[in-house]
Amino acid sequence: MAKYTGADCRLCRREGCKLYLKGDKCNSPKCTLLKKSAAPGMHGKGRKKASGYSVQLREKQKAKRFYGLSEKQLSMYYEKAAQLRGMTGENLLVLIERRLDNVVYRMGFAASRDMARQLVNHGHFTLNGKNVDIPSILVKAGDVIAVRDTKKEKELWVQAKEIKNPSVPKWLEYDNKTLTGKVLALPERADIDLDVKEHLIVELYSK
């Protein structure tokens, strides 16, 4: 799938919920979804009742866009999740939640997952003391993520030291003074604030 280059807010309108693709704007009165709740397009306000397949497809698209994944990537995670013990849908979300770019975002290093992915790609972080630039690396319990010493003098990180992120999930730990975070445990489904019915994604892929 080619990279999406359109307006991020159209994706939120299409899925009918906030995907938090625009950082702080998503939590402000400027959020486009508050002004235009209908799906984009000339038929957005008058869509017919969705079919079973359409409902399943929307749940898959919502998850894919929430995390910024391609179709190929989501399919790969599904195949991995199906091989693990437990419920495939929950395994799927937990696997994706463990991506390095998502963890960087969850810790508060970045205002959005897109920004987190870019920072990882540009080599701003270390994982257990080693330089990393691959956003899709899956973290493990006990892993330590930190801003590289050679990057800490940049204005972005100088300002970050003054901001404490109060919303770090319980499975993560973040110290804004040292710009270091730690994975305390692997996430559970209850820790993932994604309003999606993952069993519908499993039903779609298992057809």
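Read-outs: derived from the displayed coordinates by stated rules, not from any lab. This is a predicted model, so every value here is computed, not measured. Every residue, glycine among them, receives a Cβ derived from its backbone with ideal geometry; neighbour counts consider all protein chains shown.
Diagonalise the Cα gyration tensor of the range 60-100 and give the resulting equivalent ellipsoid semi-axes, square root of 5 times each eigenvalue, largest first, whole Å.
Working: eigenvalues 53, 20, 16 Å².
Over the Cα atoms of the range 60-100, the semi-axes work out to 16, 10, 9 Å.
Alpha carbon centre of the range 84-110 versus the range 189-207: separation in Å?
Centre-to-centre (Cα) distance: 13 Å.
For q = 0.18, 0.20, 0.32, 0.33 Å⁻¹, what log10 I(q)/I(0) does the range 166-207 give under the Debye formula with an equal point scatterer on each alpha carbon and no solvent?
For the range 166-207, the Cα-only Debye profile gives -0.66, -0.72, -1.09, -1.11.
Take the residue pairs LYS72/LYS197; LYS130/LYS164; LYS60/LYS161; LYS140/LYS177; LYS72/LYS130; LYS72/LYS161 and return only those whose Cα atoms are more than 32 Å apart.
Beyond 32 Å: LYS60/LYS161; LYS72/LYS161.
What is the gain in length, in nm to one decimal, between SER51 and ASN165 on full extension, counting 0.36 nm per residue of separation less the C-alpha to C-alpha distance? Can you show the working numbers first?
Details: separation 114, 0.36 × 114 = 41.04 nm, distance 4.12 nm.
Between SER51 and ASN165, full extension yields 36.9 nm more.
Can you figure out the FRET efficiency of MET76 with ARG148, using R₀ = 45 Å and their beta-carbon distance, to the nearest 0.05?
After rounding to 0.05, the efficiency reads 0.95.
If you place +1 on the Cβ of every Lys and Arg and -1 on the Cβ of every Asp and Glu, how big does the dipole about the Cα centre of the range 74-131 come out, in debye to the nearest 20?
For the range 74-131, the charge dipole is close to 140 debye.
If I model a spin label as a point 7 Å beyond the Cα along the Cα-Cβ vector, how far apart are those points for SER136 and HIS199 in nm?
For SER136 paired with HIS199, the spin-label model returns 3.0 nm.
Work out the length of the dipole vector of the range 99-183 about its Cα centre, built from +1 on the beta-carbon of each Lys and Arg and -1 on the beta-carbon of each Asp and Glu, and round it to the nearest 20 debye. Could the numbers behind the result be given before it?
Working: 15 positive and 10 negative charges, 35 e Å.
Computed charge dipole of the range 99-183: roughly 160 debye.
Cα-based Rg of the range 99-183 per 2.2 N^0.38 Å, rounded to two decimals?
Output field value: 0.95.
Of ASP191, ASP149, how do they rank once you tally other Cβ atoms within 10 Å and put the fewest first?
Fewest to most other Cβ atoms nearby, the residues stand as ASP149, ASP191.
Could you calculate the contour length gain from GLU188 to LEU156, that is, 0.36 nm times the residue separation minus the distance between their Cα atoms, to one decimal place in nm? Let's see the in-between values first.
Working: separation 32, 0.36 × 32 = 11.52 nm, distance 3.11 nm.
Additional length available on full extension: 8.4 nm.
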